[in-house]
1. Given a 10 angstrom Cα cut-off, can you work out which residue in ALA33, ALA71, ALA99 is the most mobile in a GNM of the chain?
2. I'd like the Karplus ³J(HN,Hα) series for region 105-112: coefficients 6.51, -1.76, 1.60, θ = phi - 60°, whole numbers in Hz, and an x wherever there's a Gly or Pro.
3. When only alpha-carbon atoms are used, what values of Rg and Dmax, in angstrom, describe the chain?
4. Among GLN55, GLN26, GLN95, which one shows the highest mean-square fluctuation when the chain is modelled as a Gaussian network with alpha-carbon springs under 10 Å?
5. GLY106: net charge of surrounding residues, Cβ under 15 Å, Lys/Arg +1, Asp/Glu -1, itself excluded?
6. Which of the GluC sites (Glu not before Pro) across region 1-90 are loop residues per DSSP, with 15 or fewer other Cβ within 10 Å?
7. Pick out, in residue order, every one of the chymotrypsin sites (Phe, Trp or Tyr not before Pro) in region 25-130 that is DSSP loop and has at most 13 other C-beta atoms within 10 Å; say none if there are none.
8. How large is ³J(HN,Hα), in whole Hz, for each residue of region 70-75 in order, when computed from phi with the Karplus curve 6.51 cos²θ - 1.76 cosθ + 1.60 and θ = phi - 60°, using x for Gly and Pro?
Amino acid sequence: MAELTESELDYLRSLFDLARGGETEQLTATVDAGVPVNLTNSTGDTLLILAAYHQHPETVRALLDRGADTARVNDRGQTALAAAVFRQSADSVNQLLAAGADPALGTRSALDIASFFELPEMLELLTQRR
C-alpha cells in the first residue's frame, strides 16, 4: 500500500473540521464518494464523535445513516454518546441510543459523565431505554 502524500493527509484532516463545523453536506459527499465513515484521527476521535461533541445532530444523523460505528472509543475512553451527553444534546443522544449506542461503553462512559456532571435529564434519557 502506497504512503499518503502530505496533501492527501491534509485533505483527510480537513474532514474532521467538517465534522466539527457541522458541514453535513460536504462531509457526507466525501463519505458517499468512498472516504470511510469511521475515519479516525490521531487521538482516536471519529467523525461521529466530533459531530456529537460539537452539537451537530444533523451531522450525527447523516453519519449514522451511513453506518458510523457507535461503539468506537477514543483515546480518552469516550464514545460519541458520551460526547453528546457531556454537551447535553438530547437530539444526538436519542439518535445514538436508537442506533444502538451503549451508555456503559468506555472508561468515561455516557452514564459516568451524566452522573459525574450531575446531568439528570441526560441520565434519564440513558436509563429509560435500559
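1. Judging by the Gaussian network model, the answer is ALA33.
2. 6, x, 6, 10, 5, 4, 5, 4
3. Values for the chain (Cα only, Rg and Dmax): 14.6, 50 Å.
4. Checking each option, the largest mean-square fluctuation is seen for GLN26.
5. -2
6. Here the GluC sites (Glu not before Pro) that fit, given the DSSP loop and packing criteria, are GLU3.
7. PHE117
8. These are the phi-based 3J(HN,Hα) values: 6, 8, 6, 10, 7, 5 Hz.
Each reported figure results from applying straightforward, stated rules to the coordinates on display, with no laboratory input. Just so we're clear, the structure is a prediction, and the values are computed from it rather than from any experiment. All Cβ positions, even for glycine, are placed from backbone atoms using ideal geometry, and neighbour counts span all protein chains on display.
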